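The values are calculated or read from the model by the stated rules, or taken from the named source; none is laboratory data. Nothing here was measured: the structure is a model prediction, and the numbers come from that model. Please note: Cβ atoms are built from the backbone with ideal geometry, for glycine as well, and neighbour counts cover all protein chains shown. Note: areas computed on protein heavy atoms with side chains; ligands, DNA, RNA excluded. Shrake-Rupley method; radii C 1.70, N 1.55, O 1.52, S 1.80 Å.
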Amino acid sequence: MIIKKRNKNELDQFEALLSRMRPDHPKFREVESDYVRRKKGYIGERQVDYYLEDLANEMTILQDLNLSVEGKNMQLDNLLISQHAAYIVEVKNFTGSITFDTELQQFTRDESTQERGFRHPILQAELQKQRLQAWLQEMNLPPIPIYYFIAISDPSTIIKVEGNKEEIAKVVAHAAHIPNKIKQHEARGSNQQPIQHQKLGAKMLRACKQEYHLPMLRYGIQSQDILPGIHCPVCKYLGMKRIYGTWLCPKCNRKSKGAHKRALLEYFLLINLKINIKECKRFLGLESRTTANRIFRSMNLVYIKSKRSWTLPNRK
Ligand SMILES: [Zn+2]
């Protein structure tokens, strides 16, 4: 069973941020190129999920798992646990070709013209395996066999090996081949006591840190750099006007009754998990408290009495 699904909160944050930054903001280009890179990464991860989800009947799967080990954060793209072992599957997106050199322990990717050295994916995965073992120990859980694989998400990436091909082929493959590699390990079984993978997965899920990060903090972007207002759902213009209970786009003249909902969700993604009436009036450009209150209720927001603020359900 998949007990933790990958979410795209971070991408949603980036999209919201880009739609509310002035294009001439000194950080705009940097945010934009990070967004493009992350989006590619996410698409690659989803391509790999498609294959790994085939194993969901017999295994416990956690996508995008964050655990704290020895005070440091560890992020795993995928963890699959069966009754025999745990499998770490890290996803790599490369265009063109990549080369593993087993003699020099070197990893390079060829981007049409220049060859560039990168952090060696196998060494990275090996480190993750050790840290996962350390996490089990920290939690007073018995050690379990852990294997890792590097899934190359783009089927057109060419994988080259200089030196020992077999060694690399054991752990690196295009995403479509990873389930078979896992099944081969599974067929060998183990002479250990069966792992109660549902229980172990549930423990990991409870320990998984779901932090609320504001992406702009990383770039030094201030909340006053986030443009307030309502986007037109049709032409994306920021600055719809409220007229007789509906929103009107001054650019394309379209009307929308619910365009403020998206804006409020973006406020929660970018500025704060709670909002008060004054902030709501500022951000949505409303004249009256009554309208703000009505909007909160219509979106089923939860009132936090002590903060005189409203928040999304299921969030404290
Ligand atoms: Zn419009």
Within region 44-57, is even one residue touching a strand residue (DSSP E or B) at 6+ places or on another chain (Cβ under 9 Å), crowded, with 18+ Cβ neighbours inside 10 Å and assigned to a strand (DSSP E or B)?
no
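Condition check ((1) over 23 Å from Asp12 (Cα atoms); (2) more than 16 Å from the ligand (Cβ to nearest atom); (3) open to solvent by 60 Å² or more (accessible area, probe 1.4 Å); (4) at pLDDT 95 or above) across all residues:
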position: Lys255; (1), (2), (3), (4): yes, no, yes, yes
position: Ala259; (1), (2), (3), (4): no, no, no, yes
position: Leu264; (1), (2), (3), (4): no, yes, no, yes
position: Phe268; (1), (2), (3), (4): no, yes, no, no
position: Glu279; (1), (2), (3), (4): no, yes, no, yes
position: Thr291; (1), (2), (3), (4): yes, yes, no, no
position: Ser298; (1), (2), (3), (4): no, yes, yes, no
position: Lys307; (1), (2), (3), (4): yes, yes, yes, no
It is to be established whether one or more residues within region 208-230 are in contact with a Ser or Thr (Cβ under 6 Å, 6 or more places away or on another chain) and more than 30 Å from Gln137 (Cα to Cα).
no
Which numbered condition Ile275 fails, given (1) more than 24 Å from Phe28 (Cβ to Cβ); (2) touching a residue at least 40 places away in the same chain (Cβ under 8 Å); (3) open to solvent by less than 20 Å² (accessible area, probe 1.4 Å):
(2)
Residue list for region 219-238, filter: free of Cβ contacts under 8 Å to residues at least 60 places away in the same chain, closer than 24 Å to Leu312 by Cα and within 10 Å of the ligand (Cβ to nearest atom)
Cys232, Pro233
Of all residues in region 62-76, which are assigned to a strand (DSSP E or B) and open to solvent by 10 Å² or more (accessible area, probe 1.4 Å)?
Asp64, Asn66, Ser68, Lys72, Asn73, Gln75
Looking only at strands (runs of 3 or more DSSP E) that lie completely in region 125-194, which have at least 2 residues being open to solvent by 50 Å² or more (accessible area, probe 1.4 Å), touching a residue at least 40 places away in the same chain (Cβ under 8 Å) and in the same structural domain as Asp54 (by TED's automatic domain parsing)?
158-162
Criterion violated by Pro233 - all others in (1) outside the structural domain of Phe268 (by TED's automatic domain parsing); (2) touching a helix residue (DSSP H, G or I) at 6+ places or on another chain (Cβ under 9 Å); (3) open to solvent by 40 Å² or more (accessible area, probe 1.4 Å) satisfied
(1)
Given (1) of a type outside the set (A, V, I, L, M, F, W, C); (2) without any contact (Cβ under 8 Å) to a residue 60 or more places away in the chain; (3) open to solvent by less than 50 Å² (accessible area, probe 1.4 Å); (4) within 16 Å of the ligand (Cβ to nearest atom), where does Gly245 come up short, assuming only one miss?
(4)
